[in-house]
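Chemist: Below is one structure. I have some questions about it.
Bear in mind these aren't lab numbers, they're just calculated from the coordinates by the rules spelled out. Just so we're clear, the structure is a prediction, and the values are computed from it rather than from any experiment. Cβ atoms come from the backbone with ideal geometry, glycine included; neighbour counts cover every protein chain shown.
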Amino acid sequence: MDKQCKDKRTDRFNQTAACGASVEHGDHRGRPRTYEQPVLDDIPLNPKRCRYVLQLILQRHNWQHSSKHKGVSHKTMAERTRFCIWLFDFLRSHPKHFKLDPRTFSGRHVEAVTGYWQDEARAGRISPATIQTYFSFMKTFAGWIGKPKLLKPIACYFDDPKLYQRHLANGIDKSWRAKGVDVAEVIREVAAYDVHAAASLRLMQAFQLRFKESVMFRPHTDVISAAQAGKPADGIAFYLDTHRGTKGGRKRLFPIDTEVRQDAIDYARRVVVGVNESVSDPRLTLLQAMRRLRYVMERFGITRAGLGVVPHGLRHQGAADDYESITGVPPPIAGGSGVSPALDLQARREIAARLGHGRVQITNVYCGKRLMPTELPHADHGPIDN
């Protein structure tokens, strides 16, 4: 028995060796076969393989931007994946019991989904912003399956525009100053506990960076000269080149033209370990660094439940300060008025660019809506004679 087992092992060894030799000499018949994933176009329509086909569609398209020749973030890919899975699970559990291959997604399915959203919106269980995001995902998916014109304008599916139209929160000053919070004092307290978190806060205050942008910022390599920025040499000497962790991959330049901004850069450079390092703790991954920063914010009460402010409020405060520096008066959200339309538009365009937004209208959230002459408070001309 032992001899037979030994002979079998020897035979298997010899076969393996022969296969290896054949590969070395160019004969690939001995190479073990690998599984080749079938091409999506070759798979026949089959509702029973809905989840598998959906996975293949996501693998092929999910990395792409819906309209531009570029990729999207991991966050966007994850949100799209969750939505697509929910979409077909919902259709299968719908009272009409839709049985479909993802590639047969059609107008009646769109109507079933949007009808459900309309009912949920009326009940207050889904917001207009969420509906807009999901509708965009559904339109993107229709393009993936070769039906880019499948969805009609969103207004065709809702009988009340209030259910799907976003409303910007005009008139609400979200700056730390409006809540009576001293930014410098809070940052000093944070710095005594975590210098990396303090560096992020100072960058948010000085350059209106977003949460992720402040964590990924590299103070040595992300500061460029006017020549590198393509700006006049007789103006501002250095600019902040913001391109890491930006929303939508939008790059932007921010002038380093005040003492507060230069101090924020100098502090960040003292915090970092190496020239090519970001302000976050080098021992942490990006995800861990962002979690650490959130923990520090909660520890020092930088939450709505604590001090009544959040890190994003520093963007609001910085935008308001920029508006006042350009126009000479506070923004409408802080009680300012009397700015000419041309100067107001100039300030808003500059602020939108610094914030990394493509729409000037978004500045209404940060600075308030420009008051029209009929909306300005009337002067007191004394008692009126009847």
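Chemist: I want to check the label-to-label distance for residue 266 and residue 329. Put each point 7 Å from Cα in the C-beta direction and report it in nm to one decimal.
Modeler: 3.6 nm
Chemist: OK, next. Given the Cα-Cα distance of residue 81 and residue 305 and 0.36 nm per residue of separation, how much length would full extension add, in nm?
Modeler: 77.4 nm
Chemist: Next question, about the same structure. Taking 0.36 nm per residue of sequence separation and subtracting the Cα-Cα distance, how much length would be gained by fully extending the chain between residue 108 and residue 234, in nm to one decimal?
Modeler: 39.2 nm
Chemist: So what are the three principal axis dimensions of region 138-249 from its Cα atoms, in whole Å, longest to shortest?
Modeler: Computed over region 138-249, the largest-to-smallest principal extents equal 53, 40, 30 Å.
Chemist: Would you kindly derive the ³J(HN,Hα) couplings of region 200-215 from the backbone phi angles with the Karplus curve 6.51 cos²θ - 1.76 cosθ + 1.60 (θ = phi - 60°), listing them in order in whole Hz, with x for Gly and Pro?
Modeler: 5, 5, 5, 5, 4, 5, 7, 10, 6, 6, 6, 4, 5, 4, 5, 5
Chemist: According to a simple spin-label model (label point 7 Å from Cα along Cα-to-Cβ), what is the distance in nm between residue 99 and residue 39?
Modeler: Here the answer is 3.0 nm between the modelled labels.
Chemist: How would region 185-224 be classified by its alpha-carbon gyration tensor: rounded, prolate or oblate, with rounded meaning a/c under 1.5 and the a/b versus b/c comparison settling the rest?
Modeler: Because a/c hits 1.5 or more and a/b exceeds b/c, region 185-224 counts as prolate.
Chemist: Just the Cα atoms of region 194-299, one point each, no solvent: what log10 I(q)/I(0) does Debye give at q = 0.11, 0.12, 0.13 Å⁻¹?
Modeler: Log10 of I(q)/I(0), two decimals: -0.32, -0.38, -0.44.
Chemist: Along the charge dipole of region 42-163, Cβ charges K/R +1 and D/E -1, which of 141, 44, 106 sits furthest on the positive end?
Modeler: Final value for the positive-end residue is 44.
Chemist: Hey, another quick one. Short version: ³J(HN,Hα) in whole Hz for each residue of region 118-128, in order, from phi by Karplus 6.51 cos²θ - 1.76 cosθ + 1.60 (θ = phi - 60°), x for Gly and Pro, what are they?
Modeler: Each residue's phi maps through the Karplus curve to give 5, 5, 5, 5, 5, 7, x, 9, 8, 8, x Hz.
Chemist: For region 316-375, just the Cα set please: Rg and Dmax, both in angstrom.
Modeler: For region 316-375, the Cα-based Rg and Dmax read 10.2, 32 Å.
Chemist: Express in % the proportion of alpha carbon pairs of region 62-147 at distances exceeding 21 Å.
Modeler: Above the 21 Å cut-off, region 62-147 has 31 percent of its Cα pairs.
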